[in-house]
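Have a look at the structure below, then the notes.
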Amino acid sequence: MISATAGGPVFWRVNTQAEVEKGDAQGISIADNGAMTLAPALIEVFDTKQAYIWSATSDRAGNIFLGTGNEGRIFKVDPAGRGSLLFKTAELSVMAMVVDENGNLYAGTSPDGKVYRISPRGESTVFFEPKTKYIWSLAIDRQGRLLVGTGDKGEIFRVDPTGAGAQLVKTTQTNITALRIDGAGNIIAGTDPGGLVMRISQDGKAFTLFDTMLREIRDLATGSHGEIYALALAESAGSGAAASAAPSAPDVSSPAISAAGDESVTISISDLQVVDSSASTGGAAASTSSGGTGQLKSAVYRIDPGGWSDPVWESRDGVAFAIALGDDGAVRIGTGQKGRIYGVSAGQKPVLLAQTSEGQTSRFIRAGGQLFAAASNLGKLFRLSNETATTGSYTSSVRDAQLTAHWGRLSWVGEGAIEFQTRSGNTAKPDSTWSEWSASLTGSDGAAIPSPPARFIQWRATLKSGGRASAPKLREVTVSYLPRNIAPTIKTLTILPAGVTLQALPQPQVEGSSDPLASESGAVTQMPQMPPRRTFQRGAVSFQWTAEDRNGDSLQYSIFYRNAAGGDFFTLKTELRDNYYTVEPNALPDGRYVFRVAVTDALSNPENLALADQMETEAVEIDNTVPSITVEGPKSSGDRVEVVFRVTDATSIIRRAEYQIDGTGWRSVYPADGIADSRSETFNVNVSLPDRKAHVIAFRVLDANSNVGSSRVQVGQP
């Protein structure tokens, strides 16, 4: 949140979850109210040195298996955290894995989908080939048979321990992206592109439990009371990103996997290609609630045994990759927003539990009673400890002051051992040209920021536990700064047509705007201003202008005038707040004038710091005198009558002349020289009369400033 008074300091206040999540949290949890505390310890266990971990599983002994891309490798990590390469497939990616009761590992690969079986002794063989392109999901049913969810034709195969398999069900979908076995032994399947959650009996009868209205079911989890959790992705996830230089191969696809965080990855159904969408938002935080605008990118739904479904988590900005149920019954959600892991309990808002060092948290694995997270961009395995980290740091987003600013104070609300540092620079992304992190700032009542004046600033908080001090908690941080004052600018100045007058309309106000001090300071924001009403008034001269102040200062205008031939300017109007002005008729003598509009930000700045700008109009005619008409006696010849009248105007050119006979309609007449373009014109009216009786011919003349002169002459016999 940002608050400011025009011409005064700006206060950058960080105290909401959405604002806090724009920063980078390492070892920090973020509550739904934005409060920061030390997170559960996230311990790196093993680095595969591969780009992506697409699949993961574990055995009863606590060993963890990681399937990677883009080299199709399988790694084994023992309970002590020692990892090694277990098997290298001939395919590009290992997209699914499962372990049976005997400790045999099954791995499904793409493209040219194959299922490998690797025994506990390390012996490997091609166990099953369904003659389909993609294998997305694997599961073991209660009878120990392998279930294989495939792509291209949306089939599920059932394979006995000998490797003999047959189609169990063919769906109307293209891809079976997730498989689980529920408490009754039914198969729970997630699909693409319909985003369906299906229940399939042991005899192959399929029933759709829930249509998410999104494209793909990325992951499934089953609860102890028969509930099902489904993670769904939208079709538009990751769209518009540019393909990266990571390896890809034609006709190799995967369900749409996308992220909105740094270095995010998308695997599209059409073919396997890595997509970088990190340039889209500059690290903006993902929305983790049902609020906001735009189409959902991902969501987690709970389907209870009775078939009812409710959203647990929704995001319109970020994309989730994996879900798991914690010991506390809360759903763990792994996302592509800086590899963040959220926790969501029933009826509560999401809480940021932890953040990995990688771009995406792609899989969760339970092993040895503990929860592990597999990350991608650099494929690493992390363990989520039940113990809280002893230290954590939070680095704020970069604040753009728009102009070079003098930094004020940093203050905070919270408790426990917390230290702050700041740095500043003049590039949008911190680089080597930024200042170094400052010395530690302490004291919740505020400390002066020692970083040098610049356009951008960033702060970092370090939370520490230990000793008798209370656990650290940071609720709010405020940074104040004063941007350099920039002179206001008049951008345009427009003269309106002669006779147009501008009248102010009642302006809508927000609550509190009746306070004159608040109004002058700009502390109360006005609603968009209603433009003035235009009316006609002979002799009026109006002009409008637009002005800009990059500081958001309150502006005040003055109007001056001088003779167009030269000389000094004289004051016409001061202390004007509107961006328009009408010179009333007869306010100035007839003549040609130049007007000057001056603007100042003195209302918002001390006198010695106030700045100004001005702009002049072109020469403008002020003319309130009607044209003079001289009529020569009429000349008659039979029924024809000719009348000559001469028109002169002291200031303006003659614009139009008209005549009428006996009150009939007005008719235009051109000057004798054919063009009305001077202050003196002669007009000839030659008409036929219906009889020799008396008739009246009237004349009407308008000058360029809409002044009207008139005259008449009588012809014929009375």
- Query: Which of the residues belonging to segment 3-21 are out of contact with any Phe, Trp or Tyr (no Cβ under 8 Å at 6 or more places or on another chain), modelled with pLDDT of 90 or more and outside any helix (DSSP H, G or I)?
  - Reply: 11, 13, 14, 15, 16, 21
- Message: Just checking, does segment 424-441 include any residue being more than 26 Å from residue 550 (Cβ to Cβ) and touching a residue at least 24 places away in the same chain (Cβ under 8 Å)?
- Response: yes
- Query: Applying the selection to segment 633-686, what residues are among the polar types (S, T, N, Q), under 24 Å from residue 498 (Cβ atoms) and either touching an Asp or Glu at 6+ places or on another chain (Cβ under 7 Å) or not in a strand (DSSP E or B) (or both)?
  - Reply: 651, 652, 668, 678
- Query: Of all the residues that make up segment 185-233, how many are outside any loop (DSSP other than H, G, I, E, B), among the charged types (D, E, K, R) and closer than 20 Å to residue 297 by Cβ?
  - Reply: 5
- Message: Against the conditions (1) surrounded by 14 or more Cβ atoms within 10 Å (Cβ to Cβ); (2) part of a loop (DSSP other than H, G, I, E, B), where does residue 629 fall short? Just the number, please.
- Response: (2)
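Residue by residue, here is whether (1) touching a helix residue (DSSP H, G or I) at 6+ places or on another chain (Cβ under 8 Å); (2) more than 15 Å from residue 713 (Cβ to Cβ); (3) of a type in the set (Asp, Glu); (4) modelled with pLDDT of 90 or more holds:
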residue: 630; (1), (2), (3), (4): no, no, no, yes
residue: 636; (1), (2), (3), (4): no, no, no, no
residue: 650; (1), (2), (3), (4): no, yes, no, no
residue: 686; (1), (2), (3), (4): no, no, no, yes
- Test residue 629 against the criterion of being free of Cβ contacts under 8 Å to residues at least 12 places away in the same chain and within 18 Å of residue 706 (Cα to Cα), and give yes or no. no
- Message: Quick test of your reading of the structure: residue 162 fulfils all but one of (1) β-branched (Val, Ile, Thr); (2) crowded, with 19+ Cβ neighbours inside 10 Å; (3) without any contact (Cβ under 8 Å) to a residue 40 or more places away in the chain. Name the failing condition by number.
- Response: (2)
- Query: Which residues, counting only those in segment 68-90, are of a type in the set (Gly, Ala, Ser) and either in contact with a Ser or Thr (Cβ under 6 Å, 6 or more places away or on another chain) or not assigned by TED's automatic domain parsing to the domain that holds residue 106 (or both)?
  - Reply: 69, 72
- Message: Which residue is surrounded by the fewest Cβ atoms within 10 Å (Cβ to Cβ), if the candidates are limited to segment 296-350 and must be closer than 16 Å to residue 220 by Cβ and among the aromatic types (Phe, Trp, Tyr)?
- Response: 301
- Message: Out of 383, 409, 363, I need the residue that is farther than 29 Å from residue 341 by Cβ, part of a strand (DSSP E or B) and out of contact with any Lys or Arg (no Cβ under 9 Å at 6 or more places or on another chain). Which one?
- Response: 409
- Restricting attention to segment 94-103, does a residue exist that is polar (S, T, N, Q) and either buried (at least 18 other Cβ atoms within 10 Å of the Cβ) or under 40 Å from the mean Cα position of the chain (by Cα) (or both)? no
- Unique residue being in contact (Cβ under 8 Å) with a residue 40 or more places away in the chain and of a type outside the set (A, V, I, L, M) when the list is 87, 11, 75: 11
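The values are calculated or read from the model by the stated rules, or taken from the named source; none is laboratory data. All figures in this text were calculated on a predicted structure; none of them were measured in a lab. Methodologically, a virtual Cβ is constructed for each residue, glycine included, from the backbone with ideal geometry; neighbour enumeration extends over all protein chains shown.
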